[in-house]
Protein chains: 2
Amino acid sequence: MTQTPEDKFIETLGLISQADGSPRISGQITAYLVLAGEACSLTQIAEDLDVSKASVSTNVRLLEVRGIVVRESRKGSRQDLWRALPRPHQSILSTMSERFKRNAAQIDEIAASFPADKEHKREPVSELADFYRQSADFLKSWADALAQNDTISMSKDVSDE
Amino acid sequence: MTQTPEDKFIETLGLISQADGSPRISGQITAYLVLAGEACSLTQIAEDLDVSKASVSTNVRLLEVRGIVVRESRKGSRQDLWRALPRPHQSILSTMSERFKRNAAQIDEIAASFPADKEHKREPVSELADFYRQSADFLKSWADALAQNDTISMSKDVSDE
DNA sequence: TAATACGTTCAGTACATACTGAACGTTAGA
DNA sequence: TCTAACGTTCAGTATGTACTGAACGTATTA
């Protein structure tokens, strides 16, 4: 057998992650945990993905900061267990939104530093800042809308049990 | 003098571009042309930014593909002139949207390849594809909304003349 | 107190790619 | 035809960083 759908999924998310400017392994870990559907140990992840524990350690904490995975501890075990959050990819949007917000703030500061006699140069700079700020808000609202859907579907799931 | 507001703007857009995973120079060129407010030659850009003509050539064509700048030719001159489009940064959104769409298509294909007895693994994969597709549409609609604003303000500008 | 299992840290490498300099093809003018 | 100015291409480099392996600290068992 050449490659299972699972392998393909892991590989693809790795490449997407790389294209986004994040480490390839972080995408692979996300895919792995999404498929696992349960919390996995660092050692297990490292072995199955065939990468070093050091990389998994670094990247799994990166994913934690980004709100894509959570660390769990199980009673009686000293191991850290890692679980993918229900819809891990909303954080992509939040991350983008925050980056846009930072861009807006930076560019605003620059716009403000233009002397009064260079209004025609300041204006396009301010416009760019506005673009980033508005787009950041827009992304945020979309991320929130998705989070809302999660809450609904999750509470539905609970009531189904 | 240490650094003019113009320099700072160019430098900052370079760093933002780099953080987005694009060449730093492409951001610098964008900033330069936005500030210039008119079409500039490749040689002029290279000299002012103090980078090689080779880099400018490569990156300015990249920006052209992305819809951030346009090439102009002036009668009687063999030079290519380059001009920043009115609101060059909508293309950021379109680019993102297209990337998301590609991601969705790829992941859908993988989801379809899961055998019937692994429905529980296929589902989160499909969900991710849906996320990318919906977000792509969302970004597209926002980009279009901005383009709409441009058309309005541009026609207003025209009527003001 | 050893010995083992765990996660983290850190120095070193391996690799991808942005950027340069030089050579090239093309066009316009002398 | 020669020369000069332009943009592009391409091989080589320089640089940033993802990833590894080994050493470390800590906590649990014996």
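Going by the alpha-carbon gyration tensor, a ≥ b ≥ c the square roots of its eigenvalues, is the protein assembly as shown rounded (a/c under 1.5) or, if a/c is not under 1.5, prolate (a/b greater than b/c) versus oblate? Cα axes put the protein assembly as shown in the prolate bin. Rg of the Cα atoms in chain A, relative to 2.2 N^0.38 Å, amounts to 1.36. The chain B residue nearest the rotation axis shared with chain A, using its Cβ and rounding the distance to whole Å, is B:21, 2. Helix content alone sets the calculated 222 nm mean residue ellipticity of chain A: runs of n ≥ 4 DSSP H residues at -39500 (n - 2.57) each, divided across all residues, give -24000 deg cm²/dmol. Based on protein heavy atoms only, the range A:32-134 ends up with 55 Å² per residue of surface accessible to a 1.4 Å probe.
Only protein atoms count toward the accessible area here, which uses a 1.4 Å probe; on the range B:1-109, the carbon and sulfur part of that area reaches 48 percent. What the Kirkwood sum gives for the range A:1-96 is a hydrodynamic radius of 13.4 Å, with every pair of different alpha carbons counted.
Remark: label point of residue B:134 defined 7 Å out from Cα along the Cα-Cβ vector; separations to the same position in other copies 2.5 nm, ascending. With respect to chain A, whose longest principal axis is taken over its alpha-carbon atoms, helix A:53-65 is tilted by about 50°. Sequence-distant contacts, meaning Cα pairs under 8 Å at least 6 residues apart, place the relative contact order of chain A at 16 percent. Its relative contact order, with pairs defined as Cα atoms under 8 Å and 6+ residues apart, puts the range B:5-84 at 28 percent. Dimensions of the range B:90-144 from C-alpha coordinates, computed as largest minus smallest value along each principal axis and given longest first, are 44, 13, 10 Å. Placing a label point 7 Å from the Cα of residue B:113 along the Cα-to-Cβ direction, the distances to the matching points in the other copies come to 5.0 nm, shortest first.
Centre-to-centre, using Cα atoms only, the range A:14-64 and the range B:14-74 are separated by 36 Å. Counting only alpha carbon atoms, the long axis of helix A:24-36 and the longest principal axis of chain A meet at about 50°.
The values are calculated or read from the model by the stated rules, or taken from the named source; none is laboratory data. Since the model is a prediction, treat every value here as computed from it, not as a measurement. Cβ coordinates were reconstructed from backbone atoms using ideal geometry, including for glycine residues, and neighbour counts include every protein chain displayed. Ligands, DNA and RNA are stripped out before the accessible areas are found, and what is left, the full protein with its side chains, is counted by its heavy atoms. Shrake-Rupley method; radii C 1.70, N 1.55, O 1.52, S 1.80 Å.
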